[in-house]
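Only one structure is covered here, and it is reproduced in the block below.
Just so it is clear, none of the values below were taken in a lab; they were calculated from the coordinates. Predicted, not measured: the structure shown is a model, and the values here were computed from it. Cβ: placed from backbone, ideal geometry, glycine included. Neighbour counts: every protein chain shown.
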Amino acid sequence: MAVYEHTYKPYAGPLTPEWSRFLILPRHAYRDVFKSKLFTGFFALCFVCPLIMAILVYLKHNTAALAIFNLKPGDTAAINAGFFHFYISFQCGLGFLLTVLIGPVLISRDLANNALPLYLCRPFSRAEYVIGKMSVLMILISAITWLPGLLLFSFEAYLEGGSWIASNFWIAGSIFAASWVWIILLSLLSVTMSAWVKWRMAASAGLFGLFIISNVMGLMINGVLHTRWGSLINLAVIMKTIEDSLFRDVNSMDLPQWMVLPTGAAWFTLGLFLAFCLFLLTRKVRAYEVVR
Amino acid sequence: MENALPKTAEPVGTVDVLPNTPELVPTAPVIRLDNLSITFGKRPILRELRGEFRGRAIGLLGPNGAGKTTLIHALLGFHPPSSGTAHIFGRDIKTDAKQIRGRIGYMPERDSFIANMTCVHFVRLMAELSGLPPDAALERAHEALFYVGLGEARYRKLGTYSLGMKQLAKLAQAIVHGPRLIFLDEPTNGLDPPARQRMLELIRQIRDSGLASIVLSSHLLRDVEECCEEILIVKQGRIAVYCNLEEERRANRKFLEIETRGPREPFAEAIAALGCEYALTTEHRLKVVLQDGVEIRDLYRIAAEQEVQIRRLNFKRDSLEDIFLKAMEDGNGSI
């Protein structure tokens, strides 16, 4: 169907593998996302923390450099599970802000423009659509959490040597797992919010509100009923509990005893919450709304 | 747009099959409905539809709420059948939905696009989702937009397009991956006469290329009449009529409408004695299908014998409107 011929002609070339088609959505989404200088600037700032931490790791092992600042190796922060736990907590916090910036329009724009039938009339399923939309955030948050985290860990491992790796290899797994727990929660939460709340500001506020309101409600229940089970509806505490368990309770900030949840209960509640988000998504992500 | 008929149109059966797509059955009907029923909650929308459709262009007609759009959506896999199934090019919509959708183009009735995208970006995205590699998708997007006549406006954002341009953009995204079957749901909705003519011309070109079959759903009988060879009339979720328009027209070539004054019944019976079929319509009118060997002068002779005046006599054939109205009046008589 060459331009000059102006005829209808079928396509006879090769096709892309089906499994990779969900990645089309993030690729096209990034064209829009990175048009915003504000977002691009913020995304660049997200790499400042990994850079500073890499410098700390380097200084820890370079006595000559420490001497310039009149420091001894013991004066710098210890590079251990707590160090990486802090890093993941901070970067996931930035990941949350990143989600608030780009998450609310991911699906709402398609719903507002009735674009879903156009996606779903192609060899592209609802699951692929949702995964594709979630990938927009998954890739970006991965780029600022576990990817630099594992590089940081590798850097430390390189400077420390074999015995450190042997005794701390689990930290790499914790970095990866904790990041992915956050990534899945944030991306699923934001696409669900985007599917149900068309107005961008309201969806952004909803994302903030979910953490704040669930926190307040949880604290109220704990306070009124003198229990710790109110924390089951406190998303922030649930995530903190899971993070702590993954980093073997090497905390940068301990939770008060009356807020601490059993780890199993935190995982179970998170699972329920994610399942509820998926249920809401299946209700909304359809080619056409069926009036029964 | 200039005449865009291909110089060497290939027959439908020889269209190149995409390498990654399982072979479609070349001799299979375009669409086969096997007792297809769709129910929303407890409300039946389509009721046990049966039939085989092989035409290059099939018009889908019916009053509002008859189930036309639901039928298209069911064939696209948007609504799972509550019972029965359908086959497109021999493949079951229940089990081979993805393979089928790879060979289908769909132009929805409502505005469906992404407003802050340029048209070429949008069409390219749709081509990629159909499985085309990025480079090929971009090339095809440009070509499809030139084909539908949006070449000069392809870098404009879709949100700035007029209604007619949006309809053309929807057509471009439906054909960008070169489907073998294209569903067009009310493609001329809201178009002014020149834009409507342009749209119909494009549909006819695609039909005449023989490279894709078309299912055209429209309220406008004229559109269907101009573009389609076969029509499927749906009424209250059932197939009311399925016919080949050309055959229907040929069959009614000697159809006469006669307006008379005087005793009509004896006149009609005398005509019937010549072997012609007749139908009394309004008070002074009757319709007659002339048999071979019966001439108009025979009618005038009988009229003279029966002392009947022939006030008006028109050669007529059943228009699509007649077929449609007849279909609507059948059954419970309600439209």
*Checking B:F146 against (1) out of contact with any Phe, Trp or Tyr (no Cβ under 8 Å at 6 or more places or on another chain); (2) surrounded by 22 or more Cβ atoms within 10 Å (Cβ to Cβ); (3) aromatic (F, W, Y), which single condition isn't satisfied?*
(2)
_Of all residues making up region B:53-81, the number that are farther than 17 Å from B:I182 by Cα and more than 10 Å from every other protein chain (Cβ to nearest Cβ)_ = 8
*Return the only residue of A:V191, A:V285 being crowded, with 16+ Cβ neighbours inside 10 Å, within 14 Å of another protein chain (Cβ to nearest Cβ) and in contact with a helix residue (DSSP H, G or I) (Cβ under 6 Å, 6 or more places away or on another chain).*
A:V285
*Tell me, which residue of region B:95-109 that is part of a loop (DSSP other than H, G, I, E, B) and more than 14 Å from B:A174 (Cβ to Cβ) is nearest to the other protein chains (Cβ to nearest Cβ)?*
B:D96
*Quick one: in region B:119-168, of everything that is facing chain A (nearest Cβ under 10 Å) and among the hydroxyl-bearing types (S, T, Y), which residue is nearest to A:F124 (Cα to Cα)?*
B:S130
*When region B:148-177 is examined, which residues are found to be out of contact with any Lys or Arg (no Cβ under 6 Å at 6 or more places or on another chain) and in a loop (DSSP other than H, G, I, E, B)?*
B:G149, B:L150, B:R154, B:Y155, B:R156, B:Y161, B:S162, B:H177
*Of the criteria (1) touching a residue at least 40 places away in the same chain (Cβ under 8 Å); (2) farther than 30 Å from A:S125 by Cβ, which one A:I213 fails*: (1)
*Look through region A:100-143, keep the residues that are charged (D, E, K, R) and within 12 Å of chain B (Cβ to nearest Cβ), and return whichever of them is nearest to B:A172 (Cα to Cα).*
A:R122
_List the helices (runs of 4 or more DSSP H) inside region A:33-142, counting only whole elements, that have at least 3 residues being in contact with a Cys (Cβ under 8 Å, 6 or more places away or on another chain)._
A:81-102
*Confirm whether B:E201 is within 13 Å of chain A (Cβ to nearest Cβ), part of a helix (DSSP H, G or I) and farther than 25 Å from A:L23 by Cβ.*
yes
*Could you list, in sequence order, all residues of region B:169-198 that are within 12 Å of chain A (Cβ to nearest Cβ) and either farther than 18 Å from B:F53 by Cα or over 14 Å from the mean Cα position of the chain (by Cα) (or both)?*
B:A169, B:K170, B:L171, B:A172, B:Q173, B:A174, B:I175, B:V176, B:H177, B:G178, B:P179, B:R180
*region A:25-58 - residue that is touching a residue at least 60 places away in the same chain (Cβ under 8 Å) and within 13 Å of chain B (Cβ to nearest Cβ) and, of those, surrounded by the fewest Cβ atoms within 10 Å (Cβ to Cβ)*: A:Y30
